[in-house]
Structures are given as C-alpha cells and as structure tokens.
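Working notes, beginning with the structure itself.
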Amino acid sequence: MLNRKEQKILQKIDHNLTEGNIYKSLIYFAIPFIIANLIQALYGTVDLIVIGLFTDTPGISAVAIGTQVMQIVNGLITGLTMGGTILIGQYYGAKRENDTSESIGTMLSMGMIASVIITILMLIVTNPLLKILQTPSESFGDAKRYVVMASSGIVFIFGYNAVSAILRGLGDSKSPVYFIGIACILNIILDLVFVGSLDMRASGAALATVISQGISMIIAIIYLTKKKFIFEFKIKKFVINKEKASKLFKLGFPLSLQEVLLWISFLFIAAIANSMGVAESAAVGIIAKFETFSMLPPMAFSYALAALAAQNIGAKQPERAKKALNISIILSFICSLFFFVWAQAFPETIMGIFNAGGEVIIAGVQYFKTYSFDFMLVAFKFCLNGFLNGCGRTTFAMINGITSSLLIRVPLAYILGKYTGESLIGLGLAAPIASIVSMTVSLLYIRTGKWKEQIF
C-alpha cells in the first residue's frame, strides 16, 4: 500500500469515476480528450495542407499514404497503452494503490522495449509495404522517405501515449491536452520551415512531426516529475512485474492486434483506391483525414466510457457502467450527425480545405456519398467497443473488430469497387455495412451479461 503522502499525490491527479453524475463525468472526461485528439489529428492534417500548398498532387498522395502506414504503428501503441488505462483504472476503482503503481512501471518498461523493436521492423518493411499498397510511382519516393523519417520517432509516440493512458486510467484527461497542444504548435512551425522554406517535401513533414513529438514527451515527463507524480521517472523504477506484465499483455495485445488489423484493412482500401489512379488515391487519403476529425467525438466518449467502465467494474458497480454506455451512445450520435450532414450536403467544401484539384474533388464527392453513413454508425460501434474494453473484454472486442474489418469490409470494398467500375461509390459502401455487423455482434454479447465479471 502507498503511504498517506503518496495517496494525497494520487488524489490530486485523479478523478474518481465511480460516483457522481454520469453525464457530468463523461462530458468532463470526453471534452479534454476531444481537444487533445483534435490537436493530434492536426499533425497529419497540417502536413497534408502544407504539402498541398508547397508541392503537388504526387506529394499529397505520398503524405496521405505515408500517414496511413504510420497509423498502423499508432494503432499498435494505442492498443498497448489502452490496456494500461484499463488495468490502472480497475485497480484504482478497487482502491489498490500499490498495484496501480506497479502497473505504471511495468507498462512503461514494456513499452520502451516494444518501441525499439517496432522501429527496427518498420525500417525493414517500409519498401515492400509501399509496393504492396500499389503506391503510385510518382509518389513512391516521397512516401518512403516520409515513413522512414516518421519511424525514427516511434519511441516519442509511445512516450506521449503512455503518459496519457496512465493519466486517463486515473481519471485525468486534461493534462494530456497541454502536452499535445505544445507539440502541435511546434509541428506547424517546423512544417512551414522544413517543407515551405527548405523544400524538403514529405520527409520535411515527417521530421517536423518527430521533433515536435519528442519535445512533447520530454515536457510531459518534466511536468509530472515536478508534480511529484506517483511514479518516479528514474531508471531503477523501470521494473517489469511479471504478474502485471501478464495482465497488461492479456488486455493490451488484443487491443493492439485489433488496432493494427483495423489500419491494415484501411491500407487495403487505400490500395484499391491507389490502383484506380493518383486522383482517387489522393481523394481517399484526404477523406481519411476528415474522417479522423469526424470520429473524434465517438472516440472521445469511447475512451471516457472505457475509463469509467473500468473503474466501476473494479468497484463492483456494473449497472452504473451500463448506464454510462447508453448515455455515451446518445451524446456521441448527436455529435456524429453534424459530420454526416456536412459530408452529404457540402462535400466539395471539405475537399477544398486540402487544396484538392478538380479530379480529386470529383472522386472525393463520389466516395462521400456512401462512406459518410459510417460517420453516424461509429457513434454506436465505438461506444460499444469502449464499454467492452473497459470491462476487460478486449479479446472479444478484438475478434469482433477483426471480423468486421478484414472479413467483411475489405472483401466488400473489393467486390463493390469492381462492380461500380472507376467510381469510389462502391468502395465507400463497405464501411457502413461492416459497422452494422460489428454493432449487432457487440449488442448480442452484452446481453449475455459476461461483461460484469472483474478481470482480477
């Protein structure tokens, strides 16, 4: 157990999600998360906008493809750290402070080792991966330089996400906003310098991201150290506890695998678009950026719900967790409806934000006609996944996610893409169909009541 001083430090940082008004808890937790992820989404978006201003269509295609490849890495790291959020949240909800502290040290230690391994793997697979994706020849060189440069900063990606995951497990979603805000400002400045002034094209955009993320991670560590955080950032504290490592792996691995395979499915979709031409490639890449923004509210409520569900399952309050699920879906759907209407009514304005040319706009409008229906459906799908993940049912969520992405969406995208010829309408229809299947399976599982059991 922690001493009184350490418990007071913990109480200053956390926010107990096992009591009080659920609406208020979800909104207070979700809003900072939306802001943090909105800012984080600006990374790739600013890269794409700056590239569009200072280069050409092949440059846009290269950065679009490069960022999609790096989303695999982001998904892998997000899954690992989300496992930490769940375990830390359940331990904290059960008031097991010493286990909470040991989980933090174990997650950070495992993550640093994983970061090095992932970096090496990315440097090896970049070239063949871009070929598999049928990257247009005009964009190949820039795309490769972008991925290689961005991969050099994987340790920084993990560092920021790990600190954020720890804080969210303790109920604090505000502090990460400050860290990522600083990084975004630096990224914009460096983008203009490296791409605009030094004409480094895609590699300059990636370098700007790496440097800004590195500085963000360092600032986060300094901040927590001065706040006398429960975990001391000293070498001797980076210890892997076997019991905690096993639990983190059981929780985090399914999440990581789900995230990775989800983004791999997106790459298959991108590959189909790439085979249609550079305009279609750029259009799908641009819409992927808009999609990032449209999914911020459901993603935020999903993460807020995961943290709330984890603490309440740990505190043996499953009905409070279930009530939070229903509230999250309502709030998420209201937000998502705005993006659906925008994409349906004024798709040209969205494409215009990225300085897209005539052919790219035409292709993008076609894709939006069907794909945008998924903007509403993810409000349900994300919240259901967040709830099940928070309850510790990450393996089920993984199987459901993999089935939806790889066994339904990808085959449908290929078949419908071919059926509609050169149009992206069929390609976009696969996403909402896959989401409906995923939602149905999750609801059937929740009805069994197995989610109420604790994971320890």
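The numbers here are math on the coordinates, done by the rules we state, and not lab data. What you are looking at is a predicted structure, and each value in this text was computed from that prediction instead of being measured. No Cβ is skipped: glycine too gets one built from the backbone with ideal geometry, and neighbour counts run over all protein chains shown.
Please say if the range 12-162 is rounded, prolate or oblate, where rounded means a/c under 1.5 for a ≥ b ≥ c the square roots of the C-alpha gyration tensor eigenvalues, and otherwise the choice is prolate for a/b larger than b/c and oblate otherwise?
Working: a/c = 3.54, a/b = 1.81, b/c = 1.96.
In terms of gyration-tensor shape, oblate.
Need the full-extension length gain, I31 to K226, defined as separation in residues times 0.36 nm minus the C-alpha distance. One decimal, nm.
On the way: separation 195, 0.36 × 195 = 70.20 nm, distance 2.54 nm.
Length gained, I31 through K226: 67.7 nm.
Projecting each Cα onto the charge dipole of the range 268-379 (Lys/Arg +1, Asp/Glu -1 at the beta carbon, about the Cα centre), which of A310, G277, M299 comes out farthest on the positive side?
About the Cα centre, the residue reaching furthest to the positive side is A310.
Can you list the HN-Hα couplings for the range 175-181, worked out from phi with the Karplus curve (6.51, -1.76, 1.60; θ = phi - 60°), rounded to whole Hz and with x for Gly and Pro?
Along the range 175-181, the couplings run 4, x, 4, 5, 5, 6, x Hz.
R0 = 25 Å: FRET efficiency of K316 with F253, Cβ-based, nearest 0.05? Can you show the working numbers first?
Details: r = 26 Å, r/R0 = 1.04.
Efficiency, from the Cβ-Cβ distance: 0.45.
I'm spelling it out carefully: the read-out is Cα extents along the principal axes in Å, the candidates are (i) 68, 54, 48; (ii) 64, 48, 34; (iii) 73, 71, 43, and one was derived from this structure. Which label?
It is the value labelled (ii).
So, counting K/R as plus one and D/E as minus one, what does the shell of residues with Cβ under 13 Å around I219 add up to? The partial results should precede the final answer.
On the way: positive: K226, K227; negative: none.
So the environment of I219 carries a net charge of +2.
Is the range 361-456 best put as rounded, prolate or oblate by its Cα gyration tensor, with a ≥ b ≥ c the root eigenvalues, rounded for a/c under 1.5, and otherwise prolate when a/b is larger than b/c, oblate when not?
Prolate shape, in that a/c is at least 1.5 and a/b is the bigger ratio.
With a point put 7 Å past each Cα toward its Cβ, work out how far K131 is from D199 in nm, to one decimal.
3.1 nm
May I ask you to derive the FRET efficiency for Y23 and E453 from their Cβ-Cβ distance with R0 = 25 Å, giving the value to the nearest 0.05? Spell out each step's value before the answer.
On the way: r = 27 Å, r/R0 = 1.06.
It comes out at approximately 0.40.
Can you tell me how much longer the chain between I218 and I415 gets when fully stretched, taken as 0.36 nm per residue apart minus their C-alpha distance, in nm with one decimal? Spell out each step's value before the answer.
Working: separation 197, 0.36 × 197 = 70.92 nm, distance 4.70 nm.
Extra length available between I218 and I415 comes to 66.2 nm.
Can you give me the C-alpha center-to-center distance between the range 301-368 and the range 422-446, rounded to a whole angstrom?
Spelled out, the Cα-based centre of one part sits 15 Å from the other.
How large is ³J(HN,Hα), in whole Hz, for each residue of the range 107-115 in order, when computed from phi with the Karplus curve 6.51 cos²θ - 1.76 cosθ + 1.60 and θ = phi - 60°, using x for Gly and Pro?
Those phi angles translate into 4, 5, 5, 5, x, 5, 5, 4, 4 Hz.
Testing the spin-label approximation: label points 7 Å from Cα along Cα→Cβ at I330 and T440. State their distance in nm.
2.7 nm
Using Cβ contacts closer than 10 Å as the measure, can you line up F33, F340 from fewest to most?
On the way: F33 24, F340 19.
With the sparsest Cβ surroundings first, the list reads F340, F33.
With an 8 Å Cα cut-off and a minimum separation of 6 or more residues, compute the relative contact order for the chain in percent.
Details: 742 pairs, mean separation 104.6, N = 456.
Once divided by the residue count of the chain, the mean separation gives 23 percent.
What shape does the range 180-308 have by the C-alpha gyration tensor, where a ≥ b ≥ c are the square roots of the eigenvalues, rounded means a/c under 1.5, and otherwise prolate means a/b greater than b/c and oblate the rest?
Note, shape of the range 180-308 comes out oblate.
Could you work out the Rg to Rh ratio of the range 286-368, with Rh taken as the Kirkwood radius (inverse of the mean 1/r over all Cα pairs)? Can you show the working numbers first?
On the way: Rg = 17.5 Å, Rh = 14.6 Å.
The Rg/Rh ratio comes out at 1.20.
In whole percent, what relative contact order does the range 222-333 give with Cα contacts below 8 Å and a gap of six or more residues?
Averaging sequence separation for qualifying contacts and normalising by length gives 14 percent for the range 222-333.
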